[in-house]
Amino acid sequence: MKARVAILPGDGIGPEVTAQGVRCLQQVAQRFGHQFELTELPFGGAAIELHGDPLPAATLEACRGADAVLLGAIGGPKWSAPDAPLRPEAGLLRLRRELGLFANLRPVSVQPALADASTLKADTVRGVDLVFVRELTGGIYFGAKERSATRASDLCVYTVAEIERIVRVAAALARSRRGRLTSIDKSNVLETSRLWREVTQRIMDSEFPDVKLEHVLVDAAAMHLIRRPRDFDVLVTENMFGDILTDEASMLTGSLGLLPSASLGADRRGLFEPIHGSAPDIAGRGIANPCGTILSVALLLRHSLQLPAEAAAVEQAVGDALAAGARTADLVAPGAQALSTAAAGDAVLSRLARS
Ligand code: IPM
Ligand code: MG
């Protein structure tokens, strides 16, 4: 097949991990006989430096015209002062919103070989296989903001339609997996959460009676995630709760550097990015874990390009490389030798070539 993929390396370790994702896409094209047209574009802090805008018009247009977007990471100390006029994060939020990417899928599965890498006990995390479905274009991230010398406010708004569409995505996913959906809210305090719970219950009763639904308050969910993570299948939640809980959930796998994500809208086009940030503390040293990005490439192949066999081959190659001990500094046992970003990429690609 022919496909166009926009590549947004971004800031910090973004360009380093994206380079491995690009190699992976090129190898998939070669190995499976596809033609992928990859176009690299400035985004985030890098685009602020070049064009005075974290999301330049040309980058947005290229993303609109692409079948999928692969993103590294954005942000850094240079652009994060409290009074900074332009923020890389604003570009990411605008890109998600402009492309209508309301559903953020964050799968968290523990590779058998890495059960010991988590800070939690291996017996607690072994076999964990869950997916967060985070609402991505609403809530407190996008509500009106106000600021005076003595007061600040961020408004959290959800509409029925916004809740319905994300619940449908999550419920359909649960139906294709183990048939269990956990909806997370704070309905004992927040009005938006009361609406969330009501709408979720109605959609599930009327359209997904076969999917088992439970409602869990966000504070309790934070606890149960590390107490009994194997019990969860699909979890659906609003924007900010999803942001917080997915960083927590990443620790089940051993490293934030392993987690991919897919941001999807009404059609097939999506934005795919590792959930880790730009990690300025290790940027430029070639030691970042490329697995989150390579697994994001797998999600890109599956969801936007509809190439499930290719996606599975990439995931298998990552699993095999990790099982064989290919580990970057974030995962390595004390005293053992860590692989560089490029060497970890090599370990995955050599397995993909043989698959
Ligand atoms: C994420 C990130 C972003 C978010 C930031 C960079 C704006 O933390 O994708 O989880 O909060 O959504
Ligand atoms: Mg986050």
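Here are a few things to note about the model shown:
- Computed [θ] at 222 nm, deg cm²/dmol, the chain (DSSP H ≥ 4; -39,500 (n - 2.57); rounded to nearest 500): -13500 deg cm²/dmol
- Largest GNM mean-square fluctuation among Pro107, Pro209, Pro85, using the chain with Cα springs under 10 Å: Pro85.
- Protection-proxy order for peptides 44-50, 256-262, each taking the mean of Cβ atoms within 10 Å per residue, highest first: 256-262, 44-50
- Cα gyration tensor shape for the stretch 223-320, rounded if a/c is under 1.5, else prolate or oblate: rounded
- Distance in nm between pseudo-label sites at Leu86 and Glu248 (7 Å out along the Cβ direction from Cα): 3.6
- Overall shape of the stretch 82-189 was characterised from the C-alpha gyration tensor. The equivalent ellipsoid obtained from it has semi-axes of 32, 20, 15 Å, in decreasing order.
- Point-charge dipole on Cβ atoms (K/R +1, D/E -1) for the chain, about Cα centre, debye to 20: 560
- Looking at the stretch 129-251 alone, DSSP beta bridges between its own residues are antiparallel in about 20 percent of cases.
- Cβ-based charge dipole, the stretch 24-120, positive-most Cα from Ala57, Leu120, Gln27: Leu120
- The Cα atoms of the stretch 14-80 give a gyration tensor whose axes a ≥ b ≥ c have a/c of 1.5 or more with a/b no greater than b/c, which makes the shape oblate.
- Fraction of accessible area attributable to carbon and sulfur, the stretch 129-251 (%, probe 1.4 Å): 55
- The Rg/Rh ratio of the chain, with Rg taken over Cα atoms and Rh as the Kirkwood radius over Cα pairs, comes to 0.95.
- Choice from Glu315, Glu89, Glu191 with maximal GNM fluctuation in the chain (Cα, 10 Å cutoff): Glu191
- Within a Gaussian network of the chain (alpha carbon springs, distance under 10 Å), most fluctuating of Gly12, Gly21, Gly325: Gly325
- Computed about the Cα centre, the dipole magnitude for the stretch 129-251 is approximately 140 debye when only Lys and Arg (+1) and Asp and Glu (-1) carry charge, each at its Cβ.
- Signed unit charges on C-beta, dipole axis of the stretch 83-216, positive-most listed residue Ser183, Pro107, Leu155: Pro107
- Stretchable slack from Gln26 to Ala58, in nm (0.36 nm times residue separation minus alpha-carbon distance): 9.1 nm
- The residues of the chain expose on average 42 square angstrom of accessible surface per residue, using a 1.4 Å probe on protein heavy atoms.
- Lys, Arg +1 and Asp, Glu -1 on Cβ, resulting dipole of the stretch 174-313 about Cα centre, debye, nearest 20: 380
- Asp267 paired with Asp210, simple spin-label distance in nm, labels 7 Å along Cα-to-beta-carbon: 3.0
- Across Lys78/Lys145; Lys145/Lys186; Lys121/Lys145; Lys2/Lys212; Lys78/Lys121, pairs whose alpha-carbon gap is larger than 31 Å: Lys121/Lys145; Lys2/Lys212; Lys78/Lys121
- The chain - percent relative contact order, Cα under 8 Å, separation 6 or more: 21
- Gyration tensor over the Cα atoms of the stretch 133-206: the corresponding equivalent ellipsoid has semi-axes (square roots of 5 times the eigenvalues, largest first) of 29, 12, 10 Å.
- Entry note, the stretch 129-251: relative contact order of 39 percent, from Cα contacts under 8 Å with a spacing of 6+ residues.
- The overall shape of the stretch 174-243 is oblate: from the C-alpha gyration tensor, with semi-axes ordered a ≥ b ≥ c, the ratio a/c is 1.5 or greater and a/b is no larger than b/c.
The values are calculated or read from the model by the stated rules, or taken from the named source; none is laboratory data. Remember, predicted model here, so these are calculated numbers, not experimental data. With ideal geometry, Cβ positions are generated from the backbone for all residues, glycine too; neighbour counts draw on all protein chains shown. For accessibility, only protein heavy atoms count, side chains too; no ligands or nucleic acids. Shrake-Rupley method; radii C 1.70, N 1.55, O 1.52, S 1.80 Å.
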